[in-house]
1. So GLY227 fits all but one of (1) in contact (Cβ under 8 Å) with a residue 60 or more places away in the chain; (2) in contact with a Gly (Cβ under 9 Å, 6 or more places away or on another chain); what number is the exception?
2. Looking only at region 109-131, count how many residues are closer than 13 Å to ALA159 by Cβ and in a strand (DSSP E or B).
3. Keeping to region 132-176, report how many residues are assigned to a helix (DSSP H, G or I) and touching a residue at least 24 places away in the same chain (Cβ under 8 Å).
4. So, in region 94-126, of the ones that are at pLDDT 95 or above and of a type in the set (A, V, I, L, M), which residue ends up surrounded by the fewest Cβ atoms within 10 Å (Cβ to Cβ)?
5. From the list LEU218, LEU180, LEU231, LEU163, which one is touching a helix residue (DSSP H, G or I) at 6+ places or on another chain (Cβ under 9 Å) and loosely packed, with under 14 Cβ neighbours inside 10 Å?
6. Would region 44-60 turn up any residue that is closer than 29 Å to ALA159 by Cβ, surrounded by fewer than 16 Cβ atoms within 10 Å (Cβ to Cβ), outside the structural domain of ARG221 (by TED's automatic domain parsing) and over 14 Å from the mean Cα position of the chain (by Cα)?
7. Tell me, which strands (runs of 3 or more DSSP E) lie completely within region 1-99 with 3 or more residues that are of a type outside the set (A, V, I, L, M)?
Amino acid sequence: MFRARRTRHTATVRSVVRIAPRMARISLGGPVLSDFPDVEPTQWIKLFVTDPRDGQTVGRAYTVRAHSAADALLDIDVVLHGNGPAARWAETAAPGQEVAFSSPRGAFRPEPDVERYLLAGDESAQPAVLTIAESLPRHTRATVYLEVEGPEAETEIDAQADLDVHWIHRAPGQPKGEALRDAVLKAPVGATRIAAWAAGESGAVRDIRRFFTEGIGLDRRRSYAKGYWKLNEADHRDPLASD
């Protein structure tokens, strides 16, 4: 069975802002964005960009960090890791460039009886984690683990929920994902009703997924863990998690 091709839209880069040494917030604008429905936490688009190295067009998935129908704007945060065609495009992106993208898909929806959330991600998943954290209502509790290179890579979080945020700094030369995995596996877990969400490097997420299901005893309805990428593998697709 063939999967139906999703509708592609076009927009123009309006601005590019470095929000951290290796993170750029790219704002897209265009009339089509005024007609988009409200974007829910963790929803993502596939962005189609041209690799400046070889001129090839590729599609890569990015979380919608923010969307304003009134301003016809959509923000995505892109990790400037230097590897891969989309990262190279982001390094050179400038206002006025036209890009194509698919409609948003996937969404996080909170469980009504959850007392505390456990959220975790590396830089690739940071935008998605923050859309969840910033969407939680006041008085909701959440413990958040975010792995970055160092204190200079920490970004602001605009949330009304009761957040306990842990910025995890990688040691020099340490593989990405290890520090996050080690921190999450040591997370104190009480007797409260918990839901968990994590994403990042596939190997690290595999261990975190096992911790969610075996260590905490969460069922799939309250547990999500997805490998966004994998060391030494281009355009990784995680077969153990759905959109």
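The values are calculated or read from the model by the stated rules, or taken from the named source; none is laboratory data. Computed from a predicted model, the values in this text were never measured in an experiment. Neighbour counts are summed over all protein chains in view; Cβ atoms, including those assigned to glycine, are modelled from backbone coordinates with ideal geometry.
1. Tallying (1) in contact (Cβ under 8 Å) with a residue 60 or more places away in the chain; (2) in contact with a Gly (Cβ under 9 Å, 6 or more places away or on another chain), GLY227 fails exactly one: (1).
2. Selection size over region 109-131: 2.
3. Applying the first criterion (assigned to a helix (DSSP H, G or I)) to region 132-176 yields 132-135, 151-153.
Subsequent filtering for residues that are touching a residue at least 24 places away in the same chain (Cβ under 8 Å) retains 132-135, 152-153.
Residues in region 132-176 being assigned to a helix (DSSP H, G or I) and touching a residue at least 24 places away in the same chain (Cβ under 8 Å): 6 in total.
4. This residue is ALA94.
5. Details: LEU218 fails: loosely packed, with under 14 Cβ neighbours inside 10 Å; LEU180 fails: loosely packed, with under 14 Cβ neighbours inside 10 Å; LEU163 fails: loosely packed, with under 14 Cβ neighbours inside 10 Å.
Matching residue, one of LEU218, LEU180, LEU231, LEU163: LEU231.
6. no
7. 8-20, 23-29, 44-50, 57-68
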